[in-house]
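The values are calculated or read from the model by the stated rules, or taken from the named source; none is laboratory data. Source: prediction; values computed, not measured. Cβ placement follows ideal geometry from the backbone for every residue including glycine, while neighbour counts extend to all protein chains displayed.
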Amino acid sequence: MRPTSTLLRRTAIALGCAATFVAAHAADPMKVGFFYIGPADGAGWSHAHELARQEVQKKFGDKVETIFVENVAENDAERVTRDLAAQGAKVIFGGAFGFMNGMERAARDFPDVAFEHATGYKMTKNMGIYDIRTYEGACLNGTIAGHLSKTNTIGVVAPVPIPEIVRNINAFTLCAQEVNPKIETRILWVNTFYDPPKEAEAAKTLLNQGVDVLMQNTDSPAPLQVAKEAGKVGFGWDTDMAQWGGDAQMAAARLDWSVHYNKVVADKMAGTWKPGNVWLGLKDGAIHYDRFSKNLPEHVRAAVEQRRQDIISGKRPVFNGPLLDQSGKQQTQAGDMPDADKLKMNFLVKGVIGTLG
C-alpha cells in the first residue's frame with residue numbers, strides 16, 4: 001500500500017501538469033487568414049485589406065495570429081482557401097469578387113471555419129459576404145470633379161463591368177452633375193483590376209479625349225500619376241495615393257475593412273459568429289474621405305463635407321431617382337434606389353460615354 005502523502009503529491013503534480021497544459025493551449029492564438037488579388041504593399045484595393053489585417057493584429061495582439069497570401073489569381077482561390085484552413089485558420093477572409101466560387105467549394109469541407117467573402121453574393125452555412133459602399137466615395141469624388149472640371153468632361157479608368165464598378169461610375173457622374181449639369185463622363189475598360197501599364201495607357205487615352213478630372217476604379221496609382229504628369233487632377237482610390245500623385249490627388253476615399261474584420265474575429269472568439277450579408281459605408285466609419293490636396297479650394301471642400309453629411313443622414317441619397325440611362329429611358333422610380341437594385345445595377349446613367357464592356 002502506497003503512503004497517502006505520496007499519492008497526494010503525485011495527484012497534485014498530475015493536476016498541476018494538466019492545468020499547465022490546458023493554460024498553454026488556452027493561450028494559443030486563433031489563426032486568421034487573409035488572401036488578396038493584388039500586392040499587399042503599395043496602394044489600392046488589396047493594400048486596403050492588408051492595412052485592415054494589420055489593425056486586427058494590433059487590436060487583438062497575442063490572441064490572434066494573422067497570416068496572408070497576396071497576388072492570388074481568381075482560379076487559384078480554392079487552393080489558397082484550403083491551404084489557409086489546413087494551416088489552422090479559424091477565420092478566412094477572401095478579398096476579391098472572383099474568389100467567390102473557389103471559397104464556396106472549399107468552405108463545404110471545413111464546417112468549423114468562418115469564411116468571409118468580399119463583394120460577392122453567395123452565402124452558405126459557414127460563409128458570409130461583406131462589402132463597402134464604395135459608390136459613396138465615388139459620389140464625393142464627383143462633387144469635386146463637378147466643381148473643378150473646365151472641359152465638362154471627366155473620366156474613369158474602369159476594370160471590369162460588374163455592378164460594383166457600374167455603381168461607382170454612375171455615382172461619380174450623378175454627383176458631378178449635381179454641381180455642373182453639363183458634365184459628361186468618359187469610361188475606358190481595361191478588363192483587369194491590376195495592370196499598371198495598361199491602367200496608365202487608359203488614363204492617357206482619356207486625357208487625350210478632353211478629360212481633365214480622372215478617377216480610377218483599378219488598384220494601382222498609375223492613372224493618378226499620369227494625371228499629375230499631364231497637369232490634371234485625380235483621386236486616391238481605396239487608399240491614400242498622395243505618395244504617387246502629390247497635390248494632384250484632390251482627396252482620397254480610403255476603405256477601412258477593419259470595421260468588419262474586428263467584429264468577425266471578436267464574434268468567432270466568443271462563439272457567436274454567424275454568416276451574414278454586410279454592406280458598410282460612410283456612416284459606419286468604413287470609408288474615410290480625407291487627405292485633401294492643398295490646392296483644393298475651401299468652398300469645394302465645404303461642398304464635399306456637406307454632401308458627405310447628406311449621404312450619412314439620408315437627406316440626399318446618391319441614387320435618388322428617377323434615374324435615366326444613357327438613352328434617356330427611366331430606370332428607377334422616385335426616391336432612393338433599393339439596395340437590392342443597387343447590388344445588380346446594370347445600366348449607365350445619362351451623361352456617361354461608353355458601353356458596358
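Here are some notes:
- Residue match in the stretch 278-294 (condition: among the hydroxyl-bearing types (Ser, Thr, Tyr), modelled with pLDDT of 95 or more, assigned to a loop (DSSP other than H, G, I, E, B) and surrounded by fewer than 18 Cβ atoms within 10 Å (Cβ to Cβ)): no
- Yes/no for Phe193 being touching a residue at least 12 places away in the same chain (Cβ under 8 Å), part of a loop (DSSP other than H, G, I, E, B) and either closer than 25 Å to Glu116 by Cα or out of contact with any Phe, Trp or Tyr (no Cβ under 8 Å at 6 or more places or on another chain) (or both): yes
- Complete set of residues in the stretch 105-116 that are assigned to a helix (DSSP H, G or I) and loosely packed, with under 15 Cβ neighbours inside 10 Å: Arg105
- Note on the stretch 208-220: residues that are of a type outside the set (A, V, I, L, M, F, W, C), over 22 Å from the mean Cα position of the chain (by Cα) and either crowded, with 24+ Cβ neighbours inside 10 Å or more than 21 Å from Asp240 (Cα to Cα) (or both) amount to 3.
- Any chance Lys125 is assigned by the TED database to the domain that holds Ser46, more than 21 Å from Val69 (Cβ to Cβ) and out of contact with any Asp or Glu (no Cβ under 7 Å at 6 or more places or on another chain): yes
- Single match in Thr173, Thr205, Thr185 (criterion: surrounded by fewer than 19 Cβ atoms within 10 Å (Cβ to Cβ), in the same structural domain as Asp336 (by the TED database) and either touching a residue at least 60 places away in the same chain (Cβ under 8 Å) or under 23 Å from Ala43 (Cβ atoms) (or both)): Thr205
- A count restricted to the stretch 117-144 and to residues that are buried (at least 19 other Cβ atoms within 10 Å of the Cβ) and closer than 15 Å to Trp273 by Cα stands at 5.
- Residue count, the stretch 317-340 (criterion: over 24 Å from Arg186 (Cβ atoms) and either in contact (Cβ under 8 Å) with a residue 24 or more places away in the chain or among the β-branched types (Val, Ile, Thr) (or both)): 1
- Close pairs (7 angstrom Cβ cut-off, 6 or more residues apart or separate chains): among the acidic types (Asp, Glu) in the stretch 75-93, assigned to a helix (DSSP H, G or I) and surrounded by 15 or more Cβ atoms within 10 Å (Cβ to Cβ) anywhere: Glu78/Gly102; Glu78/Ala106
- For the stretch 272-285, the count of residues that are of a type in the set (S, T, N, Q), free of Cβ contacts under 8 Å to residues at least 24 places away in the same chain and under 30 Å from Asp112 (Cβ atoms) is at least one.
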